[in-house]
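Presented below is the structure to which this report refers.
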Amino acid sequence: MLRGKVGIRFFMGVALPVCLLSVVLNGWFHHYGVTPLFRLPGGNRVTLEALCQGAVLGGMFGAATLWLYCFGIVLPQDKLLYLGSQCMPALSLVLTMALRFVPTYTAQTAKIIRARQGMLGKSTEQKFRQKMRHGGTVLSILTTWALENSIQTADSMRARGYGAAKRSSYRRYRWHAKDIICALCILLIVGMLAGLAITGAWNVQYDPVIRFPEAMPIRYAGYVIYTVLCAMPLYMDIRRAWKWQRYLSKI
Amino acid sequence: MMKNNVCKRALPVLLAVCMVLSLMVACKKQQPGIQCSVEIDCGYIWDHEEDLLESKVEFVPQDGMILAETEVTVEQGDTAFDLLEEICDEQDIHLDAEDGSWGKYVKGIGQIYGGDCGEMSGWMFKVNGEYADVGSEVYELAEGDLISWIFICDYEIDQ
């Protein structure tokens, strides 16, 4: 499991409520369907078909939420930036600097305030005007430091040859043959699934009767392909663990 | 002995008087009901069959009458919408209405929704053969009114 208990708590706290919300909202506002269940105060009835479609839509939203969560764990910010730096070095550089901006300046402001406290001592009672003056001084110190820092950064970048000629960068992750094969397989599978979805082989009708599409063999092939896609990371993890155990036992 | 006799004869008389009085009170309290008739017609759909959603074909009756002309007794002050609600409840017909800016807006009757047969399709109601000026929640029923709910597919053509 990627995150263990934290992951389960995310599922229960975010993904599941999203799904349930969809069920409730769909049942509350849509009243199509031949199977009424109970009556709302306004006079309309909550139907089974509306609840089912809400559940399916909610499942889709919940699954998308979970997927994005896992994506954030598997591909954290630094790896994403690394990807960017390979394709668009200038953009990823600007992005890095922008992302660093807020934390760095916040830390520097705290430093300045602490330094002033060390110099002048902490005053317990301060009128509004004194507080404004204090804030203004800190701001001017921060601005001075920021300007100087940016000049320093520019100088050090120039010393390292930025902008002089084409730069090569350190490659932490390299493309291997099996990576390319894996990527191509995934692309192929996703393409097939997208094509199947477009043909409408998986469209279910909810309004006004729940009706499944006719059973075509291509639908079931699609299910198998999707299972293969989802099982890929599982297979990789299991294989890695098994290999690790094997090597450990050989020591 | 005399007292017992008097009581025995007074009791039935008292009972009779009470009954007559209660009948009179009950008759006075009961207001006269209004006789109206209502029908639900989606026959215009068959003129625009190519626009109809496939999923709804089985819900359109052959003659287009979801509800044939039915006589109903309503109370004084009931509106056309009240009548529709009552008759759909009674006859187990699906009804979906929501509060709109002009009162109740009927989205769908009998699983046939506005928009199912072309973008401009929807439910409208006529009173005695003419379109009403007001919404169904406002129009108060009069004696002998015929309320027809018609599913209009194209306002220009279907009249």
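Here, each number is a calculation from the coordinates, and none is a lab measurement. What you see is a predicted model; the values in this text were computed from it and never measured. Quick reminder, even Gly has a Cβ in these numbers, built from the backbone with ideal geometry, and neighbours come from all protein chains shown.
Span-like helix criteria (full DSSP H runs; alpha carbon extent of at least 18 Å along the helix axis; mean Kyte-Doolittle hydropathy of at least 1.0) are satisfied in chain A by A:16-29, A:48-74, A:177-199. The equivalent ellipsoid of chain A has semi-axes of 51, 34, 19 Å, largest first, where each one is the square root of 5 times an eigenvalue of the Cα gyration tensor. Of all aspartates and glutamates in the structure, those lying under 20 Å Cα to Cα from A:K243, and not within fewer than 8 positions of it along the same chain, are A:D179.
Here the stretch A:91-245 is treated with +1 on each Lys and Arg Cβ and -1 on each Asp and Glu Cβ, and its dipole about the Cα centre works out to around 1000 debye. Each Lys and Arg contributes +1 and each Asp and Glu -1, all at the Cβ; summed about the Cα centre of the protein assembly as shown, the dipole is approximately 6420 debye.
Give the angle, between 0 and 90 degrees and rounded to the nearest 10, that separates the Cα long axis of helix B:2-29 from the longest principal axis of the Cα atoms of chain B. Between helix and principal axis, roughly 20 degrees. For A:P89, the shell of other residues with beta-carbons less than 12 Å away shows a net charge of +2, using +1 for Lys and Arg and -1 for Asp and Glu.
Using only Cα atoms, locate the centre of the stretch A:203-245 and the centre of the stretch A:113-189, then give the distance between them in Å, rounded to an integer. About 44 Å separates the Cα centre of the stretch A:203-245 from the one of the stretch A:113-189.
What number does the stretch A:177-251 give for Rg over Rh if you use C-alpha atoms and the Kirkwood radius?
On the way: Rg = 18.4 Å, Rh = 15.2 Å.
Radius of gyration relative to Kirkwood radius: 1.21.
Taking other C-beta atoms within 10 angstrom as a stand-in for reagent exposure, A:W28, A:W244 fall in the order A:W244, A:W28, fewest first.
Might you report the magnitude of the Cβ-based charge dipole of the stretch A:99-158 about its Cα centre, with Lys and Arg at +1 and Asp and Glu at -1, to the nearest 20 debye? Can you show the working numbers first?
Details: 10 positive and 3 negative charges, 60 e Å.
About 280 debye.
When the Cα positions of A:I112, A:M60, B:G122 are compared along the charge dipole of the protein assembly as shown, A:I112 comes out farthest toward the positive end, with charges on each C-beta of Lys, Arg, Asp and Glu. For B:K104, the aspartates and glutamates whose Cα comes closer than 12 Å to its Cα, not counting residues fewer than 8 places off in the same chain, are B:D82, B:E85, B:D96, B:E137.
Relative to 2.2 N^0.38 Å, what does the C-alpha radius of gyration of the stretch A:1-74 come to as a ratio? Two decimals please.
Cα Rg divided by the expected 2.2 N^0.38 Å: 1.36.
In µm²/s, what is D for the stretch A:99-158 at 4 °C and 1.567 mPa s, where D = kT/(6 pi eta Rh) by Stokes-Einstein and Rh is the Kirkwood radius from Cα pairs? Intermediate results must be reported in sequence, preceding the final value.
Values: Rh = 13.0 Å.
Translational D for this selection: 100 µm²/s.
Projecting the Cα atoms of A:C185, A:T96, A:P208 onto the dipole axis of the protein assembly as shown, where Lys and Arg carry +1 and Asp and Glu carry -1 at the beta carbon, places A:T96 farthest toward the positive end. Ellipsoid fit via the Cα gyration tensor, the stretch B:34-152: semi-axes of 24, 15, 13 Å, each the root of five times an eigenvalue, largest first. The mean number of partner chain beta-carbon atoms within 10 angstrom of a residue's beta-carbon across peptide A:151-163 is 0. Within a Cβ distance under 11 Å of A:G33, other residues only, what is the Lys/Arg minus Asp/Glu net charge? Result for the local shell: -2. Listed from fewest to most Cβ neighbours within 10 Å, the set A:M119, A:M232 follows the order A:M119, A:M232.
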